[in-house]
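Inspection log for the structure reproduced underneath, given as structure tokens.
The values are calculated or read from the model by the stated rules, or taken from the named source; none is laboratory data. Quick caveat, the model's predicted, so the values are computed rather than measured. Every residue, glycine among them, receives a Cβ derived from its backbone with ideal geometry; neighbour counts consider all protein chains shown. Note: accessible area is taken over every heavy atom of the protein model, side chains too, but ligands, DNA and RNA are not part of it. Shrake-Rupley method; radii C 1.70, N 1.55, O 1.52, S 1.80 Å.
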Amino acid sequence: MIEFDPDRTVWAQVYDLLRERIEGGVYKERLPIPSIAHLEQELGIARQTVRKVIGKLADDGLVRVIGGKGTFVRPREDWQQPEEE
């Protein structure tokens, strides 16, 4: 479990944590990240929160969800670049 910041939503904190793990190479390109059940237990959070975070990571182009197989880190060159203002 991780210690959460009471001034930020749990969802935002988990999103930042998983994004850091992906960008930092803890979760390797083209390989699966831990399952929803594993992350739920590791982080001590609700399954729905994990699903929401994974959905946002997929929307951001960092991961690809493959039904029945898992969630895989996309190659870095496929990551969406933030739009410049």
Scan the range 56-69 for residues that are open to solvent by 30 Å² or more (accessible area, probe 1.4 Å) and in contact with a strand residue (DSSP E or B) (Cβ under 8 Å, 6 or more places away or on another chain) and jot them down.
A58, R64, V65, I66, K69
Across the range 1-53, which residue is farthest from the chain's Cα centre (by Cα) among those that are among the acidic types (D, E) and loosely packed, with under 12 Cβ neighbours inside 10 Å?
D7
If you go through the range 1-37 one residue at a time, how many are over 23 Å from G61 (Cβ atoms) and free of Cβ contacts under 8 Å to residues at least 12 places away in the same chain?
7
